[in-house]
Each structure stands twice: as C-alpha cells, then as structure tokens.
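Rule-based calculations on the coordinates, nothing more; no lab input. Just so it is clear, the structure is predicted and the values come from calculations on it, not from any experiment. So basically every Cβ, Gly included, is an ideal-geometry build from the backbone, and we count neighbours across all protein chains shown.
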Amino acid sequence: MINPDRLGNLFKDLVHIDSVSKKEGAVAKTLEKIFRSMGAEVVIDGAGPKAGSETGNLIARFQGTISDVEPLLLNAHMDTVQPGEGIKVLFSDGTFSSDGTTVLGADDKSALAVIIETIRVLQENKLSHGPLEVVVTICEEIGLVGAKNLDYSLIKARYGYCVDAADTEGIVTQAPGANRINFKVYGRDAHAGAAPEKGINAIQLASRAISRIRIGRIDEETTANIGMIEGGTATNIVPGLVSVAGEVRSHNPQKLDDETQNIVQSFEQEVSEYREAHPSEDGLPRLEAAVRHDFSVLKVPEDHLVIAMAKEAAARLGRELKTKTSGGGSDANIFFGHGIVAGILGTGMKDVHTVRETIRLDDMVRSAELLLEIIQLHERRSRPLSGGEVHG
Ligand SMILES: [Zn+2]
C-alpha cells in the first residue's frame, strides 16, 4: 500500500527546501500546505521568536475516522544541521545521498516523508484510524529548542512516536537526561615574575577541582564530562579567571542530580579551602557555578502501550522490533518531561550529521509500513475517551 515513488519524490522535494535550524520558514510553509491539502487543521505555535527562528513549531491535527479515542502523537523535526544549504539529492542503487558537499537531511526529512506518506495511504484506502496529532518541531538540532518552547496547551496526545532514529528494526525507549554545568573560577591576576605571591592562579584552582571529580563513565547509567576550559591571558600573568564547562548524563534522575552536585561541590570546596587558608580583603578566590537542566530522562515503561503497539505492529509484518537505549537526547526526552510518552522509531538514515549521510528508499518504505500498522492498532487498542481503563 505504501507508494515508494511518491514517498521518494516527497522526500526529495522536502530535502530540496533548505531548512537549517532557525531558517525553517520555507519548509514550514510547504508542510502547512501539504497538511492542509490532506484535510488537517494546522497551527503554528509561538515558539519562533523564543527560538530565534523564522517559524514556530507546526501542529497538524487529523480528525481520524473514529473520534472517541485519544489522539496519537507523531513527531519529527523540520530543521537540519549544517552544511545543509543547497542540498543536491542523488539517487542510485535505491539509495539517496547528497553530492558530498552537504548533509542529505534524511535527519529528519525522511521522517516527515514517512509520516505524510503513511497518512496518505490511510486516507486513500479509507483505513479506520483515530485522531492524529503531528508535531513538527523547529531547532531540534541546536538543543531541542523547538520542543522546549512548544506550546503544550495545544497538544492533546499523551503518547505516540517520534520518528528520528536510524534503525528500522528498533524502538528507542530509554535515553539519558542531561545537565550542563558552567563554572567561572575567579582568582587574582598579578605579574607572574615580579609579584606572583599577590596572585591567585585560577587555572590551578580549577584544575585541582577537576582532578577531584570523576569523569567518563561513572556507572552503567551515568557519564560525566569536562568538555571546555578557557582562561588566562599571557604566560607572564597569573590568570585571574578561568571558565570550565561540562555535563552529566544519566538514565537515573537521582544519579543525574547527585553527580551534578558532586562536581559543583568539588569546585566549591577547592575554592573555599583556598580562601580559608589565604584570607584576603577582596574575598578572592570566588566561584560562580551555573547548572542548567538540559533535558529530562526518557524512560518509557516496559509495559506501556507505546511499546506493545509497536511490537505488535512489527509482528503483524513478520518482523521483530527491539527496544533500544540511546546515549543522546531528542524531542522525546522533552515530551517525556511534559508527560507525553513517546518511543523513537527509525527510518534508515545513516551517517547523519556528515556529508556522507545516506538513506535507502526501501528502509523508508519499511518505516512507513510499520507506522501504518501502528496507527491502525492504535485505533483498536486505545482507550475510549469516555472513561474506560487506562493503559500503561
Ligand atoms: Zn534528528
């Protein structure tokens, strides 16, 4: 039922519209036109100005043939990474690629093409389905900014699927949460040769703090990293300021917070110990620590309908779908933090974020076939809106 030619052509058309993060205006207009022509109600939310983008997130609502079931969320992002302007699509041996000077943009245009083709097949074959809420985000690639600023009052769906992964035979159900930490360690500058005793070396203080903390893989659920360090002005000046930036990720929210605190405390301790040992009028050294919660943990419960439906849909196609764990964050993490449970499905995209990015048309077809089954199952298995037991 999936029409490979139509799917491939739509993919090509979407990829040919430049849409690097913050410059998604043109692709949003095209998507709006497509969704409206398919009978959807389309809303653009107010995330545009907050994200610094030309457009907000796009929400397309399809009524469905049966309206008394909960809507199902389908999500993809409309932005692509750089170099992503003037993409020329090549197609040979069933595989799409760029000309090698840009990314292809299969991340995540393949998902948009898959979602649209799937809904077209539902409609032209008059297959019964529940309401669908298609949420197409902006600025995913620059820190999930669209999802973070999404107007959640517009979203009725409580569960569904993000389509933004590689593997067509898997569903990502777990991904870590992350915190970002920024430190500014203030020492005191002084001439390194003439009066070093007047100075407080901020670089040394920071490096002592860093050497006290655990970095790398902390345990099977948790990682930590110090990724940037910047400071000092000259070899003959005791550095008065150094900036250090790092992150913690964990699949366990408690460990995420604990490990973040450990790192902050290590810096605080180092600075306060020095201050106590060398009291001064100016109160130096001094620390500024800023912790930013980047994204929440994604942890779809194993017995959740989202997993059951995807596995059953795969089984109906004679396939096996494996649950998978990801090391990175995606829109699904942000949705999860807002009480929307979504697993992440794949389209076959490969080598994303490189100029070698490719995708096989066959894989996109497989992805659409799976989504088609899932949507039909949803209509049968979802909780009726008027009462009934709650799944998952
Ligand atoms: Zn993506």
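Descriptive notes on the structure:
- Region 78-127: C-alpha pair distances exceeding 11 Å, %: 71
- Shape class for region 177-295: prolate, because the ratio a/c of the largest to smallest gyration tensor axis (alpha-carbon atoms, square roots of eigenvalues) is 1.5 or more and a/b beats b/c.
- Residue among Ile34, Ile59, Leu14 farthest towards the positive dipole end of the chain, charges placed on Cβ: Ile34
- Candidates Gly240, Gly64, Gly343, ranked by Gaussian network fluctuation over the chain, Cα under 10 Å, top entry: Gly240
- If you wrap the Cα atoms of region 93-235 in a convex hull and average its projected area over all directions, you get 16.3 nm².
- The chain: angle of helix 361-381 to the longest principal axis, Cα-based, in degrees nearest 10: 80
- Largest first, the three principal axis extents of the alpha carbons in region 11-112 are 48, 36, 20 Å in whole numbers.
- Over 27 Å apart at the Cα level, from the set Lys33/Lys322; Lys184/Lys324; Lys126/Lys148; Lys109/Lys324, are Lys33/Lys322; Lys184/Lys324; Lys126/Lys148.
- Sequence ranges 371-378, 210-217, 192-199, ranked by mean other-Cβ count within 10 angstrom, highest first: 371-378, 210-217, 192-199
- Oblate is the label for region 44-162, because the ratio a/c of its alpha-carbon gyration tensor axes (a ≥ b ≥ c) is 1.5 or higher and a/b is not greater than b/c.
- A protection proxy built from the mean count of other Cβ atoms within 10 Å ranks the segments 363-370, 67-74, most packed first, as 363-370, 67-74.
- Label sites at Ser128 and Asn262, each approximated as a point 7 angstrom past Cα along Cα to Cβ, lie 5.4 nm apart.
- Gain in span if fully extended, Ser211 to Ser243, counting 0.36 nm per residue against the direct Cα distance: 10.0 nm
- Gain in span if fully extended, Ala26 to Asn225, counting 0.36 nm per residue against the direct Cα distance: 67.9 nm
- Neighbourhood net charge (14 Å Cβ-Cβ; Lys/Arg +1, Asp/Glu -1) for Leu284: -3
- Pairs from Lys156/Lys299; Lys23/Lys156; Lys12/Lys350 whose Cα-Cα separation, in the structure shown, is over 23 Å: Lys23/Lys156
- Counted over the chain, the DSSP beta bridges are approximately 75% antiparallel.
- Axis of helix 253-277 versus longest Cα principal axis of the chain: the two differ by about 10°, to the nearest ten degrees.
- Summary of packing: across the peptides 127-136, 242-251, the per-residue average of other C-beta atoms within 10 Å ranks them, highest first, as 127-136, 242-251.
- Over the C-alpha atoms of region 302-371, the Rg to Rh ratio, Rh being the Kirkwood estimate, stands at 1.00.
- Cα-only Debye scattering, the chain: base-10 log of I(q)/I(0) at q = 0.12, 0.14 Å⁻¹: -0.91, -1.13
- Thr233/Ala290 FRET efficiency (R0 35 Å; Cβ-Cβ; nearest 0.05): 0.95
- Simple rule: put +1 on each Lys or Arg Cβ and -1 on each Asp or Glu Cβ in region 204-293, find the dipole, and look at Pro239, Pro253, Gly283; the Cα lying farthest toward the positive end is Pro239.
- Per-q log10 I(q)/I(0), region 1-68, q = 0.14, 0.16 Å⁻¹ (Debye; single scatterer per alpha-carbon; no solvent): -0.53, -0.67
- Asp5 paired with Arg319, simple spin-label distance in nm, labels 7 Å along Cα-to-beta-carbon: 2.4
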